[in-house]
Amino acid sequence: MNRTALIGLLLSTSLLVACSAPQVRFDTTEKISERLIKLDKTSVEMQLGSPRSKTDTGPHTSVWVYHSDTEQNKSSQQGKCELVITFDDETAVKAVVNSNEYSPFVHELNTCNQLVEGLQ
């Protein structure tokens, strides 16, 4: 196969993969954080389920951690996502989102979007 044909094939394959990638609800970690901060503890637990861990860090402060490795039916291309939500009494005051995708063919926040798909 000549070089021009190979380059053309690679470009068309890349374009096909990029165009067929699924759309995601949240396209930045900041948007996920902003949405989580609008919720209280009850809403977070109702929408995301039980966290992996809950830690009281002060008399009125607690930290909840959600992790994608607790999800069922993971795909082989699924990366990792971790949500660390800090509450002051019942109100979320900080949400840190850490994401790492293993496949170059999925959106960079694909796994996090799967983890937070229950958010309303």
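Structural remarks
- Pair list, Cβ under 7 Å, 6 or more apart: the range 41-69 residue under 18 Å from Ser99 (Cβ atoms), other residue loosely packed, with under 11 Cβ neighbours inside 10 Å and charged (D, E, K, R): none
- Taking the conditions (1) in a helix (DSSP H, G or I); (2) over 16 Å from the mean Cα position of the chain (by Cα) in turn, Thr86 satisfies each one other than (1).
- Residue match in the range 93-100 (condition: touching a helix residue (DSSP H, G or I) at 6+ places or on another chain (Cβ under 6 Å), at pLDDT 90 or above and not in a strand (DSSP E or B)): no
- Filtered residue count, the range 39-62, keeping only those that are surrounded by 12 or more Cβ atoms within 10 Å (Cβ to Cβ) and part of a loop (DSSP other than H, G, I, E, B): 4
- If the condition is being farther than 15 Å from Thr28 by Cβ, modelled with pLDDT of 95 or more and not charged (D, E, K, R), then the range 72-92 contributes Val84, Ile85, Thr86, Phe87, Thr91, Ala92.
The values are calculated or read from the model by the stated rules, or taken from the named source; none is laboratory data. Quick caveat: nothing in here was measured; it's all calculated off a predicted structure. Quick reminder, even Gly has a Cβ in these numbers, built from the backbone with ideal geometry, and neighbours come from all protein chains shown.
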